[in-house]
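Every number here is computed from the coordinates shown, using simple stated rules; none is lab data. Not measured: the values here are computed from a predicted model. Glycine also receives a Cβ, built like all others from the backbone with ideal geometry; neighbour counts cover every protein chain displayed.
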Amino acid sequence: MEITYLKAINEALHEEMRRDENVFVMGEDVAELGGAFKVTEGLLDAFGPERVIDTPIAEALIVGAGVGAAMLGMRPVLEMQFGDFISCAFDQIVNTAATLRYRHGGLASCPIVIRAPSGAGVHGALFHSQNPEAWFTRVPGLKVVAPATPYDAKGMLKAAIRDDNPVVYFEHKRLYRSVKEDVPTGDFTVPLGVAQVRRSGDDLSIVTYGGTLHQALEAANIAEREDGISVEVLDLRTLLPLDREAILAAARKTGKVLVVHEDRLTGGIGGEIAAIIGEHAFEYLDAPVRRLAMLDTHNAFSPPLEEFILPNTAKIVAAVRDLWAY
Amino acid sequence: MEIERDKLLAMYRTMRRIRCFEERVRDLSIANEIPGFVHVSIGEEASATGVGAALRLTDRITSTHRGHGHLIAKGGRLDRMMAEIFGRRGGYCKGKGGSMHIADFALGILGANGIVGAGLPIATGSALAAVIQGRDDVTVSFFGDGAANEGAFHESLNLAAIWKLPVVFACENNGFGEFTPAQTVTSVADIAVRAQAYGIPGQIVDGNDVVAVHQAAAEAVARARRGEGPTLIECKTYRWEGHVVGEHAMIGTGQYRERAEIEQWRARCPIARMEKWLTERGLATADVFEAVAGEVRAEVEAAVEFARASESPDPKEVAEDLFV
């Protein structure tokens, strides 16, 4: 059945809560309201107030209490109402959750999922637009995922809930209602840590994830149609751990790699990808690895400013042509 | 509330064990046999002991960077604790965590923690889990006067209050947040009054009186177990030693407190005080105290030998336990 990205997440929550009574949902406005974006709609009616819990606006506590509950065998799904607010919980995620197992020598596990609606292009301004994934992708002990399609959104959330490690799950707000796809009704999961080739091509590879996947696919079609450039598109899906083999395979296949992400350029995952390719596939390259990302500024509010700083289809097409011409 | 003699003597022994263990840790740290930073709670044994004695096995605690006493009071093994403090494979965390991160989940010890205030949300979540799971286990969060100025303290008290969670917030006010006198950085003289802001009971207790601490803790734990919600207990005590063992080498002496103040508090030693209390009531005599002290010394020495005999971890193990 064709469902939206938002509905896919909602279905995953329903199904996992039905499957495992230890799964519960906690966050700001998640119960009575069904979430600011309606992602948790219907859960309160289905599972009751002990498993679908409205919290105070206290992100550090939401995550910290989630870790405490996880130590006792629960599997909390914790919502940051906007991914931008995750910085309030930063210590709880990178110090408390990510290190829990390690610092106690393997005695404990921390099966929490932190859902973070992220992403710009909705005129949300500085604190309702960010893509903060790179703050977390250098923290071992965490898994960081950013699904781009309804199928992945559902399958990866189910996998994240079943995973015994803390998972930060970035869901791109712009995709909630704009992306639809046929998603099977039966139970399925999508493994974490595995990238997927979304479009096969021979001349140039785009490596991307999350919101910019759809722009990259559009750009690839335009480049093929108008310039005859055959573009491969690799969807990373998981940012920690990175699927290094898939990245290297894409580089070896075409010799020209463009990394695209909506997170900022400096310190974004694109730098790590370029380094991996440089270290392990240098001899296959026909051009330097290029990056197209949000400019190194803040998420400005005014639409022309926001448009200017973000990647989009036209900018990706231009970057593809430029790299192809190298 | 009358406390049975066996329990009183058990509390006496616990305080002795904590004191002896930490004096040994301090000395081994100064002698450079223990690496890194250790924080001891010498002089503060009554708060850990009195609270710990109010808990059963399935109750839980979160602890702090100054947590040896809490862990011992909840049943932590001295040998595996000491091995961890030595950084050895036989330690609770296989040498990965050290003094500030010892945990024993089977004993309900959800971990010491090197981040000030980090235990409060964890304890709150543990109490939430108890409610969801339909268990009447209580969680105690030990923390210091410093943590009472962290946002995590306020977020946790608020949540525990609105949901009436079975958690007891046990503040050990030892007078100093690291090297800063608490009264210079805290808006109120008594942290316990902050309970009023959250509509929960707040109680000040003489933190060097193990009997008083125990009575307050037992009431708070019983209240939490009945589903009536959290309590904030402030144990007024004093840190005899520095923030970190060996600090004089780093910052010099007499930087932030007077010698006379330390001596005043040494005169209020919780162990000597309990000895007097037990003696006055005819519950124990000096030979009992001596026997306990001797047994505890032997136990701590055995723990040191266990730690010394334990291997150091192999560097090949460094990436183990990052993920499940």
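So here's what we get for this one:
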read-out: Over region A:130-185, equivalent-ellipsoid semi-axes from the Cα gyration tensor in Å; value: 22, 16, 6
read-out: Relative contact order for region A:196-324, counting Cα pairs under 8 Å that sit 6 or more residues apart, in percent; value: 29
read-out: Charge sum, other residues only, whose C-beta stays under 15 Å from residue B:145's C-beta, Lys/Arg counted +1 and Asp/Glu -1; value: -1
read-out: Three-way shape call for region B:187-324 based on the alpha-carbon gyration tensor, with the a/c threshold at 1.5; value: rounded
read-out: Cβ-defined net charge surrounding residue A:300, 12 Å radius [Lys, Arg +1; Asp, Glu -1]; value: -2
read-out: Overall dimensions of region A:1-46 as given by Cα atoms, namely Rg and Dmax in Å; value: 10.4, 30
read-out: Percent antiparallel among DSSP beta bridges (both partners in the protein assembly as shown, rounded to 5); value: 15
read-out: Potential extension, residue B:33-residue B:5 segment - 0.36 nm per residue separation minus Cα distance; value: 6.2 nm
read-out: Degrees separating the helix A:59-71 axis from the principal Cα axis of chain A, which is the longest one; value: 70
read-out: Region A:32-74: GluC sites (Glu not before Pro) in DSSP coil with no more than 12 other Cβ atoms inside 10 Å; value: A:32, A:50
read-out: Qualifying GluC sites (Glu not before Pro) in region B:1-110, DSSP loop, other Cβ atoms within 10 Å at most 10; value: B:2, B:4
read-out: Solvent-free Debye scattering, log10 I(q)/I(0), computed from the Cα coordinates of region A:271-326 at q = 0.14, 0.19, 0.27, 0.29 Å⁻¹; value: -0.51, -0.79, -1.07, -1.12
read-out: Rg and Dmax of region A:113-246, Cα atoms only, in Å; value: 15.2, 47
read-out: Residues of type lysines that residue B:7 reaches as a straight line, Cα spacing below 22 Å, ignoring anything fewer than 8 places off in the same chain; value: B:74, B:276
read-out: Rg(Cα) / (2.2 N^0.38 Å) computed for region A:2-182, rounded to two decimals; value: 0.94
read-out: Alpha-carbon centroid distance for the pair region B:102-140 / region A:160-220, whole angstrom; value: 36
read-out: Translational D in µm²/s for region B:132-233 (Stokes-Einstein at 25 °C, 0.890 mPa s, Kirkwood Rh from C-alpha pairs); value: 177
read-out: Spread of Cα-to-Cα distances over 20 Å intervals beginning at zero, given as percent, for chain A; value: 33, 57, 10
read-out: All Cα pairs of region B:126-181, percent lying beyond 20 Å; value: 31
read-out: Alpha carbon centroid spacing (whole Å) that separates region A:262-326 from region A:26-95; value: 33
read-out: Bridge type composition, chain B - antiparallel percent by DSSP, nearest 5; value: 10
read-out: Acute angle (nearest 10 degrees) that the helix A:150-162 long axis makes with the longest principal axis of chain A, alpha-carbon atoms; value: 50
read-out: Charge tally in the Cβ shell below 14 Å around residue B:215, where Lys, Arg are +1 and Asp, Glu are -1, residue B:215 excluded; value: -3
read-out: Region B:5-307 shape via C-alpha gyration tensor axes, a/c threshold 1.5; value: rounded
read-out: Tilt relative to chain A, helix A:269-280 - C-alpha long axis, 0 to 90 degrees, to 10; value: 60
read-out: Percentage relative contact order, chain A, counting C-alpha pairs under 8 Å, at least six apart; value: 16
read-out: Descending semi-axes in whole angstrom, ellipsoid equivalent of the protein assembly as shown, from the Cα gyration tensor; value: 52, 27, 21
read-out: Nearest-20 debye value, region A:260-307 charge dipole, Cβ charges on Lys, Arg, Asp, Glu; value: 60
read-out: Relative contact order %, chain B, counting alpha carbon pairs below 8 Å whose residues are six or more apart; value: 23
read-out: Region A:196-324 pair-distance distribution - Cα-Cα, 10 Å bins, rounded %; value: 14, 48, 31, 7, 0
read-out: 30 Å Cα-Cα threshold exceeded, pairs from A:143/A:256; A:154/B:164; A:143/A:253; A:38/A:256; A:143/B:94; B:94/B:164; value: A:154/B:164; A:38/A:256; B:94/B:164
